[in-house]
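Okay, structure first, notes after.
Derivation of every value follows stated rules applied to the coordinates shown; laboratory data play no part. This is a predicted model, so every value here is computed, not measured. Counting neighbours? That spans all protein chains shown, and the Cβs are built from the backbone with ideal geometry, glycine included.
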C-alpha cells in the first residue's frame, strides 16, 4: 500500500495529536494532588457536623459520612441511591451519616427544598422527606413540597409553619457557611471522617474508604 | 482520503482528548449545557476494565482517522471491512452509553452526546460509501 502525501500528512497530524493529548493527560495527572490527601484541618472539624444536623447512626460512631447536598442538583440525585445502599450496608456498623444543606443559587427551588426538609426534621421525619425529595427531584415546585409532606404522614399545618420559621432559614444559612468554610464548591461534596471524598459514586468505592477508616 | 471521516476523526479527538485530560487531572468537566457531565464523570460507567471511557474514544477516533487517511479507490476493498467493524462498534457503544445516561443516570453529558452524534455521522458515511459500491463484506 503506497501512502499519498495527503495520507502521510493526516497520519502525522493524528500521531502528533495523540502524543499531545497523552502528554497533557500525563502532566496534569502528575500535577494533581492524590485525592486521599485532601483532609479537613483539625480547626475546621466542628464545621462538619452540628448538634442539630440530621443524622442516622450513633453520635460516637467511628466513621462519620457527611454529605453537603442540594435536593435539586442532578449529581446529588445520582449519589442518592448509592448512599442509600451504603447506609443499608453499614446499618449495624459504627458508621454515622449526616446531611448538610448546601442549596445552590442556580437551582430555583433548592433553598425551599432545603427548608422543607428541615421543617420535616422538626417532626422527626427528615430522612423520609429527604428520600421523597430526591426520588421526585424533577418535581420540586412549591405545591409538591406539601404533597410529599402529606405522603410521609407529616402534620401539614405544622410543616407549613415550620417552613416559614426563621430558625429553619438560619439553619440552612449556617450549613452553607460551614460548607464554605470547609471548601465546598459544588454538590454533592462528601466527607468521610476528615477526608474529602472525590472518588466515584459507587457502593464499592465508598465502602473502600469507609472500611479503611473503620480499620484505623 | 475520505475528507468527511478525517473531519469526524479530528472533532472526536478534540472531545475525547479534552475528556481524557480532565479525567486525568481529576477536575470537574465543564459541561456545554446542563450538569450531566459531572454525573457521568463520577459514575461507575466512566471507566471500563480499569480504563477511563474517553481513552476508548481516543483509540476509536485515531483508528478512524488512519482508515480515513488511507481511504482511496485502491484501498477501498481492503479497508471496507475494518471500517464497517469500527463504525459499527462505535455506534453500538454510543447507543449503550446513551441508554445508560437516559435510563440509569438520568443525566446527559453534552460531550458524550456530541461524541455519540459523531459516531452516528461516521456510521452514515460508512453506509454511504459501502452502498455506492459492491462491497463483498
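The angle between the Cα long axis of helix A:110-121 and the longest principal axis of the Cα atoms of chain A comes to about 40 degrees, rounded to the nearest 10. Computed extension length for residue A:157-residue A:13: 45.0 nm, one decimal, from 0.36 nm per residue of separation with the Cα-Cα distance subtracted. When each of B:79, B:64 is scored by the number of other beta-carbon atoms lying within 10 Å, the sequence from fewest to most is B:79, B:64. For the segment A:181-192, counting C-beta atoms of other chains within 10 Å of every residue's C-beta and taking the mean gives 1.
So for chain B, what percent of the C-alpha to C-alpha distances run longer than 23 Å? Considering chain B, 34 percent of its Cα-Cα pairs are separated by more than 23 Å.
Please list, by residue number, everything in the stretch A:46-84 whose backbone N is under 15 Å from a paramagnetic label point 7 Å out along Cα→Cβ of residue A:207. In the stretch A:46-84, the label zone of residue A:207 (backbone N under 15 Å from the point 7 Å along Cα→Cβ) covers A:82-84. For the residues of A:17-25, the average number of beta carbons from a partner chain within 10 Å of their own beta carbon is 6. In degrees, nearest 10, range 0 to 90: what is the angle between the Cα axis of helix B:53-70 and the longest Cα principal axis of chain B? Roughly 20 degrees, rounded to the nearest 10. Pairing the Cα long axis of helix A:142-151 with the longest principal axis of chain A, what angle in degrees results, from 0 to 90 and rounded to the nearest 10? Approximately 70 degrees, to the nearest 10.
Where both bridge residues fall in the stretch A:38-215, DSSP classifies roughly 60% of the beta bridges as antiparallel. Label sites at residue A:138 and residue A:52, each approximated as a point 7 angstrom past Cα along Cα to Cβ, lie 3.5 nm apart.
Both radii are taken from the alpha-carbon atoms of the stretch A:109-192; with Rh as the Kirkwood radius, Rg/Rh is 0.98. Going from the residue with the fewest nearby Cβ atoms within 10 Å to the one with the most, B:127, A:127, B:111 rank B:127, A:127, B:111.
By how many nm would the segment from residue B:131 to residue B:78 grow when fully extended, if each residue of separation counts as 0.36 nm and the alpha-carbon distance is taken off?
17.5 nm
In plain terms, the residue of B:18, A:129 with the fewest other Cβ atoms within 10 Å comes first and the most crowded comes last, giving B:18, A:129.
Return the ratio Rg/(2.2 N^0.38 Å) for the stretch A:62-174, where Rg is computed over Cα atoms only.
1.03
Semi-axes of the equivalent ellipsoid for the protein assembly as shown, computed as √(5λ) from the eigenvalues of its C-alpha gyration tensor and ordered from largest down, come to 48, 22, 16 Å. Per residue, chain B reaches -23500 deg cm²/dmol at 222 nm when only DSSP H runs of four or more residues are counted, each adding -39500 (n - 2.57). Identify which of B:89, B:122, B:24 has the largest mean-square fluctuation in a Gaussian network model of chain B, with springs joining Cα atoms closer than 10 Å. Judging by the Gaussian network model, the answer is B:24. The modelled label-to-label distance for the pair residue A:170/residue B:99, using points 7 Å beyond Cα in the direction of Cβ, is 5.4 nm.
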